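The values are calculated or read from the model by the stated rules, or taken from the named source; none is laboratory data. On a predicted model such as this, the values are computed, not experimentally measured, just so you know. Virtual Cβ from ideal backbone geometry, glycine too; neighbours counted across all protein chains shown.
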Amino acid sequence: MTALLEVEDLRVAYGKIEAVKGISFKVDAGQVVTLIGTNGAGKTTTLRTLSGLLKPVGGQIKFDGKSLKKTPAHEIVSLGLAHSPEGRHIFPRMTIEDNLRLGAFLRSDKAGIEKDIQRAYELFPILGERRKQAAGTLSGGEQQMLAMGRALMSKPKLLMLDEPSMGLSPIMMQKIMATIAELKSQGTTILLVEQNAQAALSLADHGHVMEVGSIVLSGTGRDLLHDESVRKAYLGED
Ligand SMILES: Nc1ncnc2c1ncn2[C@@H]1O[C@H](COP(=O)(O)OP(=O)(O)O)[C@@H](O)[C@H]1O
Ligand SMILES: [Mg+2]
């Protein structure tokens, strides 16, 4: 099988400081792959580089058979790579529906866009019920749903989620994780960045543990979930 996303020896720096120090991993179509690791490990830097928001200093990124090295960010979205960013970044004064429409800004198939808005409301009924309200009135978890719904509006081949569970109550976190599982069962390919290792590894096909810019451990979600060093470092066991 050829991978949908192939990252090879990727290096990213902020000035002289290398935040991502030569990481390699791949995502096959239909898989959920997770990058886990504590604050500062380089997870967000990795996603921002895949989206074209940061330029790598070295390595290769191949998406759907094409090198992304010189591709501008908007073109990367058109190629089918969508990013739900850390901290959500929804537009609080715009309505929920207008926030969703923003995710489709590169599409011109009107009927398809309407259909996908309805699909987002099926996935997240609360967004449909409140479609005309300002997005800033939503709770943190609901804003996370909106950020995911907006990313899905570009009809991505690969959906990248940066810490969707951050700052959420356990119940809301479970809801978000259940939605990710539902998207997976519908065949959506997902690259999931999480600090919540337990939740991410439970639903991922493959996982990679990042520490200060490097991948230090890789395996199936199940293997990592049962790995002693992962349990000690990330699942609070001793
Ligand atoms: N805009 C920036 N300028 C300088 N350093 C940064 C910037 N953003 C992140 N970093 C540094 O890069 C490293 C990786 O950060 P980040 O990718 O945000 O990690 P994570 O998402 O895993 O918490 C950290 O040491 C962080 O301080
Ligand atoms: Mg981060």
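Output the residues belonging to the range 175-214 that are assigned to a loop (DSSP other than H, G, I, E, B) and free of Cβ contacts under 8 Å to residues at least 24 places away in the same chain. Don't jump to the end; show me each part of the working.
Taking the range 175-214 and keeping what is assigned to a loop (DSSP other than H, G, I, E, B), we get 186-188, 195-196, 204-205, 212-213.
Correct list: Gln186 only.
Any chance the range 53-60 includes a residue that's in the same structural domain as Glu194 (by TED's automatic domain parsing) and closer than 29 Å to Leu168 by Cα? There is at least one residue in the range 53-60 that is in the same structural domain as Glu194 (by TED's automatic domain parsing) and closer than 29 Å to Leu168 by Cα.
Exactly one residue among Gly112, Gly149, Gly128 is under 14 Å from the mean Cα position of the chain (by Cα) and either small (Gly, Ala, Ser) or outside the structural domain of Gln31 (by TED's automatic domain parsing) (or both), and that residue is Gly149. Checking each residue in the range 31-85 for being closer than 18 Å to Glu18 by Cα, in contact with a strand residue (DSSP E or B) (Cβ under 6 Å, 6 or more places away or on another chain) and either acidic (Asp, Glu) or more than 16 Å from ligand 2 (Cβ to nearest atom) (or both) picks out Pro56, Val57, Gly58, Gly59, Gln60, Ile61.
Taking first residues from the range 92-113 that are assigned to a helix (DSSP H, G or I) and partners that are surrounded by fewer than 12 Cβ atoms within 10 Å (Cβ to Cβ), the Cβ contacts under 7 Å between residues at least 6 apart in sequence or on separate chains come to Glu97/Lys132.
If you check Leu225 against the conditions, is it more than 26 Å from Ala19 (Cβ to Cβ) and at pLDDT 95 or above? No: the conditions fail for Leu225.
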